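One structure is given here, and the rest of the page talks about it.
The values are calculated or read from the model by the stated rules, or taken from the named source; none is laboratory data. Nothing here was measured: the structure is a model prediction, and the numbers come from that model. Ideal geometry is used to build each Cβ from the backbone, glycine not excepted, and the neighbour counts take in all protein chains shown. The area values use the complete protein model at the heavy-atom level, side chains included, leaving out ligands, DNA and RNA. Shrake-Rupley method; radii C 1.70, N 1.55, O 1.52, S 1.80 Å.
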Amino acid sequence: MIALSLAEITEIVGGQSYDIPDPAVLITGPVVIDSREVKTGSLFAAFAGEQVDGHDYAQRAVEAGAAAVLAARPVGVPAIVVDDVQTALGALARHVVERLGTDVVALTGSAGKTSTKDLIAQVLQHHGPTVWTPGSLNNEIGLPLTALRASDETQHLVLEMGARGIGHIRYLTGLTPPRIGLVLNVGTAHIGEFGGREQIAQAKGELVEALPSAEKGGVAVLNADDPLVRAMAARTQARVIRFGEADDADVRAENVRLTENGQPSFRLHTPTGCSDVTLRLYGEHHVSNALAAAAVAHELGMPVHEIATALSEAGSLSRWRMEVTERPDGVTIVNDAYNANPESMRAALRALAAMGRAAQAQGGRTWAVLGKMAELGDASLAEHDAVGRLAVRLNVSKLVAVGDREASWLQLGAYNEGSWGEESVHVSDAQAAVDLLRSELRPGDVVLVKASRSVGLEQVALALLDSESEVSGR
């Protein structure tokens, strides 16, 4: 963060100072909400959560080196007291972003946000100092914390924006106004909360509505292959750039293929030239993510050959997203258990099928260890049934459905599509899945593990990589 005095911060957030002996003291460390992450010169923002109240850790934060606490009440140590800590944090972030004048790139979408954000960040790092959202910290707290990591040297600020309802993205863009806005897709993630894909499109499109006009440098980067995203061009005054495999896409892919390991390779076309790309990531769905990253980088002035090189070198920065590990015995574990929705589940199964072709030629098998997809509302039964059916159509060798009701729908879909005997099985919990797999896996097998975050199926992948571990309770 840029150095600001406690007096300056107090004025920016409209707060009152308590127990501050010297208002000229500078905040030179990061702004944090966890006292264990405090560095010398930090500002500790005390949030009152359902389980833990950050105000109770104010003393500990100052003892660890925090210069002051941003709090909702006096805490007996140097503090800036405000009516609402979240609002104050957002105001501070907006001030810092406006003062820096750095290029803000914001992105949203139903699936692939974090993977695409990681790609954009790695590509732009070749172009200049870049700060980006860590993991999936894309909400009203995570976004300003990311923005406050920017410094005078930062050229690019890449921010992932999530939404669980109308108005959420509008609020986030108010904290960190973007110049470039990217919309990846409109799918069915959280459809139970939104009420339909049209409502999801309405919410995601708030990003392009917030962009400055084309005359002021605003750029909307839209997926040409998604009709609901393509239609957002009518909702923005920014210049529109399209990416995808459509013929009219400004940044597009041709000759898309998968290597024998399931990694995408394609010819990247941009308005200023072409170059070949082979990704280190797994699954054809990453082609769209890579094109989105390329479109953003092109708009920020990177030559096409540099973009292609950076994409080909980029890896996964976030855990449990198509995280591929080969065990010493030749079994490959694909941990994609961070989250799941129908679109990402289908993409992961197709990636598994591609990865498994070489394995099956050598006698290996593909395993899909799947759990429920949350927040699908009335569409839940049909979507789980469809995923079970797809596993059979893709010739996945073994389906292991883990959990209660939704898992039974996965297994039933597979059965109704033509799976029988031991080709698909329904087990009660993660430990049962681990026990089954440990007894049956053999060299050359490829195992995909995927479910919504609440299921915690990453424990299955981690246990399979550690032969001595057991699944912990949740």
| query | Nearest 0.05, what FRET efficiency do ASP84 and ILE2 give at R0 = 25 Å with Cβ-Cβ as r? | reply | 0.60
| request: Evaluate 2.2 N^0.38 Å with N set to the residue count of the stretch 203-344, then give the Cα radius of gyration divided by it. | output: 1.15
| request: Kindly write out, for the stretch 153-169 in residue order, the coupling ³J(HN,Hα) from the Karplus curve 6.51 cos²θ - 1.76 cosθ + 1.60 (θ = phi - 60°), rounded to whole Hz, with x marking Gly and Pro. | output: 7, 5, 9, 10, 10, 10, 10, 7, 10, x, 8, 10, x, 4, x, 5, 5
| Which GluC sites (Glu not before Pro) does the stretch 37-111 hold that lie in a coil by DSSP with at most 15 other beta carbons within 10 Å? | GLU50
| query | Around VAL221, which amide H atoms from residues at least 5 apart in sequence, or from another chain, sit under 5 Å from its own amide H, with H modelled in the peptide plane? | reply | GLY181, LEU182, VAL183, ILE241
| note | With +1 on the Cβ of every Lys and Arg and -1 on the Cβ of every Asp and Glu, the dipole magnitude of the stretch 279-355 about its Cα centre, in debye rounded to the nearest 20, is 180
| Rounded to the nearest 20 debye, dipole of the stretch 1-67 from Cβ charges on Lys, Arg, Asp, Glu | 200
| task | May I ask which of LYS117/LYS372; LYS204/LYS398; LYS39/LYS450; LYS39/LYS204 have a Cα-Cα span longer than 32 Å here? | result | LYS204/LYS398; LYS39/LYS450; LYS39/LYS204
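Could you check how much of the accessible area of the chain is carbon and sulfur, as a whole percent, using a 1.4 Å probe?
Numbers: 8900 of 19330 Å².
Carbon plus sulfur share of accessible area: 46 percent.
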| field | Backbone HN-Hα couplings from phi across the stretch 282-297 [Karplus 6.51/-1.76/1.60, Hz, Gly and Pro as x] | value | 10, x, 5, 4, 6, 4, 4, 4, 5, 5, 4, 4, 5, 5, 5, 4
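Enter the mean projected area of the convex hull around the alpha-carbon atoms of the stretch 308-457, in nm², rounded to one decimal.
9.5
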| request: Check each of the chymotrypsin sites (Phe, Trp or Tyr not before Pro) in the stretch 317-399 and keep only those in coil by DSSP with at most 12 other C-beta atoms within 10 angstrom; list them in order. | output: none
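How about the stretch 101-161: which GluC sites (Glu not before Pro) there are in a DSSP loop, with at most 14 other Cβ atoms within 10 Å of their Cβ?
Sparse-neighbourhood loop GluC sites (Glu not before Pro): GLU153.
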| Normalised convex hull volume, the stretch 47-191, alpha-carbon set, Å³ per residue | 131
| Which value, in debye to the nearest 20, gives the size of the charge dipole of the chain about its Cα centre, when Lys and Arg are +1 and Asp and Glu are -1 at the Cβ? | 680
| note | Sorted by chain and then number, the residues having a modelled amide H within less than 5 Å of the amide H of SER424, at least 5 places away or on another chain, are LEU399
| Debye log10 I(q)/I(0) at q = 0.08, 0.10, 0.11 Å⁻¹ for the chain, Cα point scatterers | -0.52, -0.80, -0.95
| What percentage of all Cα-Cα pairs in the stretch 157-221 are separated by more than 20 Å? | 25
| Taking Rh as the Kirkwood radius computed over C-alpha pairs, what is the Stokes-Einstein D of the stretch 290-389 at 4 °C in a medium of viscosity 1.567 mPa s, expressed in µm² per second? | 80
| field | Cα centroid separation, the stretch 341-394 to the stretch 406-448 (Å) | value | 11
